[in-house]
Every structure is written in C-alpha cells, then in structure tokens.
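Novice: Once you've had a glance at the structure underneath, I'll fire off some questions.
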Ligand code: 9MR
C-alpha cells in the first residue's frame, strides 16, 4: 500500500466569518453506525460482479408520468445559465431509460448529472471481493450516449452508505486496523475510479467528513470510523490522513478527473464552515490534490439567509489564493418547505407558499449568477428535479410530503421553475397553478 508522507504544516488561525451562530441542526442524519462484531478478514477474494443494484426503485413503481404537451416549449434551464454555470441534477438510472419522460426532462434541462445513490460503496462493494458495477455502468452508458452530459461520481469515502465489512477486522473489538481500512479504501478507489477513467469528470472523493457540533473531523460518536481507525499516518498532528490518501489515490487512478471534497451545512453553520475551511486550507498547503469544494446546500424556505450563503461561497473562494484553479460547486441543492424544527407532515402549497418558494429560488439563482460572474461558482447541481423523487419526503419526519424542487410530482414546472428562469413571471406562474 502506498502512503504519501506529507510535510507538517503550520496551523493558521482563521478569523471567524460570521459573528452570529445559528442553531440549525444537521440537515442530514446519517445511517446508524454498523455494529462491530468480532470478526477477522481474510485475504481479498477475486473481484466478481453481481446483479443489478436497485435503489429506492420501489417508490416509483406503477407511476406513469404524463408530461404536459407544453413541456417542450419551456426554456431549457441549462441554456438559461449557459454563460454562468453548469446546471445539474441528482439522478438514478431507472430515471434514465431512453425515451421516458424523466429521461427527456432531465436531458432538456440539465447538463451535469450526479448518481443519487447507485455509486455509493455500500452498493458497489457490498462484500469483500465483490464489486457490482451494473448500475454505474448504465450511468456511464447514458453519458456515452449523450456526450454533452457531464457525469459526477458520488461518492468514494463517506461514513454513511459504506459497507459495514470495511470497518471490521483484526483490530481491537473486531474493528478494522488502520492498514486494513486503508487497503480497502485503496482497492475501492483504484477499482472504481480506474474503471471509469476519462468518463466521470468530477468525483465527490470525500463526503461529510466534518462534525456539526465541532466543525472538526467526525469521530466515532458522530458515526464515523474513518479518522478514528486510519489515524495520523504521517505524524503531522492531524487526522486528515484518510482524506489526503483518498485524494492521492483518486488522482493516481484518473489524473484528469476533478476531485471534490463535499459537505453540508457549510452555507448555514459558521462553525462547520470554519472547520471545513481550515482543513481544506491545510491540505491544499500540503499539496493534497483537492480540485474543488462542494457545498451541498440542503436548505430551507427561510434558512439560511442569501447573504450567509453568499459569504460562505466567498470565504471558500479565498482558497484560490492557494489553488488558483479551485472549483466551487453547489452539489445537492434543494429547498425544504419546512423549518428544521417543524414536525408537520404536510404543507398547503397554496399560492402564498408557491410564491415563497419561487421567490426563494429566484433570490438564490440571482446570487449564484453574481458569484459565477466573479469566478466563484462553477456548477449548481439540484438534488433531484421533481418533488416525488426527493429524499425530503418522509425525512426527517416519516410520512411527510415535501415540495423542494422545480417540478411537481407530475413533472410539471412549478412557479419555482419560473423563479429560476425569470422572476418577472412568478406572479403569472402562481396564477396558472
Ligand atoms: O438522496 C439520497 C437518499 O435517497 C438516500 O436514502 C440517502 C441515504 O443516506 O442519501 C441521500 O443523498 C444524500 C447524499 O448522498 C449525501 N448528502 C445528503 C443527501 C441527502 O441525504
């Protein structure tokens, strides 16, 4: 296994960006930590490919989409922003069957696509020696068939949706040792990034490594084994090593892919933003090949303020002093209709609420345009395109219906769509509703 030993760096104190701190809890509560049992791992078995991954497909069964006859007359979102940034969506391969409405709609409006679930390690490498590339291969085939579609791979190193077996091994309490976990990460990155070399333009190499409560690396009680198991390999006093190694490995496996470090709440939690910023800065100063930062942006109707979001982008943009080519992407945008503390199951999407959402989207995209014009924003990816597909249905409140995206459950453009395209049309779009 190849470990790059990095030069120690001087910690640099960064002034806090915001004075006020909000109390919004994590936008994302992740899966339960796998229970560690007393097991030992054997030598890696030969890699085999198993059958198709089906992720969340059941919820779409039986649904027939009927695009309105007028849909072709809608402006293509990606063209509206052609001079500003790439515009994308999360997608699943079952939505990409050629000729279906979801396929047509996705290609009409978006030019960059992220796999919502199907490239997560728990599905790709479910057990030792087994790799299932059936769904990712379909995603790549979609890219091959549509050469203008840019593909993002999501994600390589994450504490959630990672296979439990990665973290088990011959260490204390049946936990993997640092060497074992590094070997698995190395095999995974080499195999997966290597397989799609030249096909995936961006990889979310490391996802959600930072804690909401401290802004520092997640620890065991925050559901992550990565830093606690891999530890400080280079002895420089920090435990960013699993991140550093992941980036070196990904760079080696596909030198042309753009490598992104991705996290949530950066736009609304100064403590987390500062911790993330300091870590990325320190790694960039050591020469870790981080090409870009991803701001997930799972936000709400009334939180955070546009100015806080903008300041977060601008703070991250100061990292260009170290890497002038640093890319900033919004990677998972959606706007929940509910405040985080709200427990309700439904919200009346009356004219007032449709308008609020449309204005929220209009304000966001105005700000994105400004930041893109300053060279601070390269891509905006939405976490889905129609309300029926959003993870925010049933989450964080089971049984909840949400309306966070630009198209409704019948694939019809909402007033929010018009907010994004042309805010002068919001009133008319609301009346039509
Ligand atoms: O949208 C994804 C949902 O279908 C999955 O059930 C969930 C499992 O954790 O992951 C969702 O996507 C997440 C993404 O991979 C990382 N950032 C937060 C996203 C929303 O939870």
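Novice: Run the quick spin-label model on residue 179 and residue 325: label points 7 Å from Cα toward the beta carbon, then report their separation in nm to one decimal.
Specialist: Computed distance between label sites residue 179 and residue 325 equals 3.6 nm.
Novice: Hey, quick one: spin label on residue 343, modelled 7 Å out along Cα-Cβ, who in segment 379-405 has an amide N within reach, i.e. under 19 Å?
Specialist: 394-402, by backbone N distance to the label point.
Novice: May I ask you to order 281-291, 92-102 by the average number of other C-beta atoms within 10 Å around their residues, highest value first?
Specialist: 281-291, 92-102
Novice: To the nearest 0.05, how large is the calculated FRET efficiency for residue 431 and residue 256 if R₀ is 45 Å and r is the Cβ-Cβ distance?
Specialist: Computed FRET efficiency for residue 431 and residue 256 comes out at 0.40.
Novice: Just order 248-254, 353-359, 293-299, 80-86 by mean Cβ neighbour count inside 10 Å, highest at the front, would you?
Specialist: 293-299, 248-254, 353-359, 80-86
Novice: Gap in Å between the Cα centre of segment 121-187 and the Cα centre of segment 358-393?
Specialist: Cα centroid to Cα centroid, the span is 28 Å.
Novice: Starting from the Cα of residue 373, step 7 Å along the direction of its Cβ; do the same at residue 352; then give the gap between the two resulting points in nm.
Specialist: It works out to 3.4 nm between the two label points.
Novice: Run the numbers on segment 369-433 and let me know its relative contact order in percent, using alpha-carbon pairs under 8 Å that are six or more apart.
Specialist: 21 percent
Novice: Could you compute how fast segment 190-321 diffuses translationally, taking Rh as the Kirkwood radius over C-alpha pairs and applying Stokes-Einstein at 4 °C with viscosity 1.567 mPa s? Give it in µm² per second.
Specialist: Rounded to a whole number, D works out at 84 µm²/s.
Novice: Could I ask something else about it? Just order 326-333, 177-184 by mean Cβ neighbour count inside 10 Å, highest at the front, would you?
Specialist: 326-333, 177-184
Novice: Would you calculate the separation in nanometres between label points at residue 71 and residue 314, each defined as 7 Å from the Cα along the Cα-to-beta-carbon direction?
Specialist: Output for this residue pair reads 4.0 nm.
Novice: A further question on this structure: From the Cα gyration tensor of segment 58-208, with a ≥ b ≥ c the square roots of its eigenvalues, which class applies: rounded if a/c is under 1.5, or else prolate if a/b is larger than b/c, or else oblate?
Specialist: Prolate.
Novice: With a ≥ b ≥ c the root eigenvalues of the C-alpha gyration tensor of segment 377-433, is it rounded (a/c under 1.5), prolate (a/b larger than b/c) or oblate?
Specialist: oblate
Novice: If the viscosity is 1.306 mPa s and the temperature 10 °C, what translational diffusion coefficient in µm²/s does Stokes-Einstein give for segment 66-143 when Rh comes from Kirkwood over Cα pairs?
Specialist: Once the numbers are plugged in, D ends up at 113 µm²/s.
Novice: Can you tell me the length gained on complete extension of the stretch residue 127 to residue 148, counting 0.36 nm per residue apart and subtracting the Cα distance?
Specialist: 4.1 nm
Novice: Could I ask something else about it? Given all pairs of different Cα atoms, what value in angstroms does the Kirkwood hydrodynamic radius of segment 160-241 take?
Specialist: 14.0 Å
Novice: Is the shape of segment 318-433 best called rounded, prolate or oblate, per the rule: a/c under 1.5 gives rounded, else a/b larger than b/c gives prolate, else oblate, with a ≥ b ≥ c the square roots of the Cα gyration tensor eigenvalues?
Specialist: The shape class here is oblate.
Novice: Gain in length, residue 424 to residue 82, computed as 0.36 nm per residue apart minus the alpha-carbon separation, to one decimal in nm?
Specialist: 121.1 nm
Novice: So between residue 232 and residue 98, what do we pick up on full extension, going 0.36 nm a residue minus the alpha carbon distance?
Specialist: That pair, residue 232 and residue 98, stretches by 43.5 nm at full extension.
We did not get these values from a lab; they are worked out from the coordinates using the rules stated. If you're wondering where the values come from, they're calculated on a predicted model, not measured in any experiment. Counting neighbours? That spans all protein chains shown, and the Cβs are built from the backbone with ideal geometry, glycine included.
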